[in-house]
1. Go through 143, 126 for me and flag whichever is more than 27 Å from residue 30 (Cβ to Cβ), at pLDDT 95 or above, surrounded by fewer than 21 Cβ atoms within 10 Å (Cβ to Cβ) and of a type in the set (Gly, Ala, Ser).
2. Check the stretch 176-184 and report whether any residue there is touching a residue at least 12 places away in the same chain (Cβ under 8 Å) and in contact with a Pro (Cβ under 7 Å, 6 or more places away or on another chain).
3. Take the stretch 23-37 and flag every residue that is surrounded by fewer than 21 Cβ atoms within 10 Å (Cβ to Cβ) and either assigned to a helix (DSSP H, G or I) or not acidic (Asp, Glu) (or both).
4. Return yes when residue 40 is β-branched (Val, Ile, Thr), assigned to a helix (DSSP H, G or I) and closer than 24 Å to residue 105 by Cα and no when it is not.
5. How many residues does the stretch 72-115 contain that are within 18 Å of residue 21 (Cβ to Cβ), of a type in the set (S, T, N, Q), buried (at least 18 other Cβ atoms within 10 Å of the Cβ) and out of contact with any Lys or Arg (no Cβ under 8 Å at 6 or more places or on another chain)?
6. Which one of these is hydrophobic (A, V, I, L, M, F, W, C), modelled with pLDDT of 95 or more, assigned to a helix (DSSP H, G or I) and under 23 Å from residue 6 (Cβ atoms): 117, 138, 54, 69?
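The values are calculated or read from the model by the stated rules, or taken from the named source; none is laboratory data. Worth saying up front: this structure is predicted, and the values here are computed from it rather than measured. Here the Cβ positions follow ideal geometry from the backbone for every residue, glycine too, while neighbour counts run over all protein chains shown.
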Amino acid sequence: MTNYIFEFIGTAMLILIGNGVVANLVLKGTKGPDSGWVGISIAWGIAVFIGVFISADVSGAHLNPAVTIGLATASKFSWNLVPGYIVAQILGAMMGNLLIWLTYKKQYDATEEPNAILSTFCTSPAIRNPFWNMVTEIIGTFALVFGVFYIAGGSMANEAISLGSLDALPVALLVMGIGFGLGGPTGYAINPARDFGPRLLHALLPLKHKSSSDWGYAWVPIIGPIIGSLLAALIFISLN
């Protein structure tokens, strides 16, 4: 249970800082509308650093179902723990975005553009094409999970891989690099919980200016990252 609690806390902190900068950028009446894509990419790197540093020594700091599934596929994590980790990550992502909504409540009320509000919860593509959007998410998540295998010092000789707190910075830099290099087409979900949990919260909250939660797109940032993580695990196995 302690592992699940720290996955919840770590993911909540990840979303609080990461989507918090999006809220500061796009909502009406904030003091941070000029940070742009550079600010978003840097803030998500910092968000990963904080979430990983907090939870690494207890839960291994997956904070992402794609990471959990990838590690389990490579026999570096117990499949028995996978469902609990994924539930904790989704609930943590919802909590993180709930705290953003509470922080920016008056700005949410003042913002009349529904798509801007939705962007503070979940991702959407710059050019909507589900197949190519999924390809983008596969590639981005492959880069993340494959990098995690080696940042954590993994080899097939080791029974398990777990991110320690000292791995927080390189993982953060990896996510920052993915944001700068691969994030433009889809907003780089690369994490099913990061997208699904806040999207579900958006559907549930009594937002003043609310659009559809765009469930027609929601499968892309779920299926794409899972495929990317499986490919990363299979190639890692073949190389080791």
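1. Just one listed residue meets the conditions, 143.
2. For the stretch 176-184, residues touching a residue at least 12 places away in the same chain (Cβ under 8 Å) and in contact with a Pro (Cβ under 7 Å, 6 or more places away or on another chain): absent.
3. Across the stretch 23-37, the qualifying residues are 25, 26, 28, 29, 30, 31, 32, 33, 35, 36, 37.
4. Yes, satisfied.
5. 1
6. It is 69.
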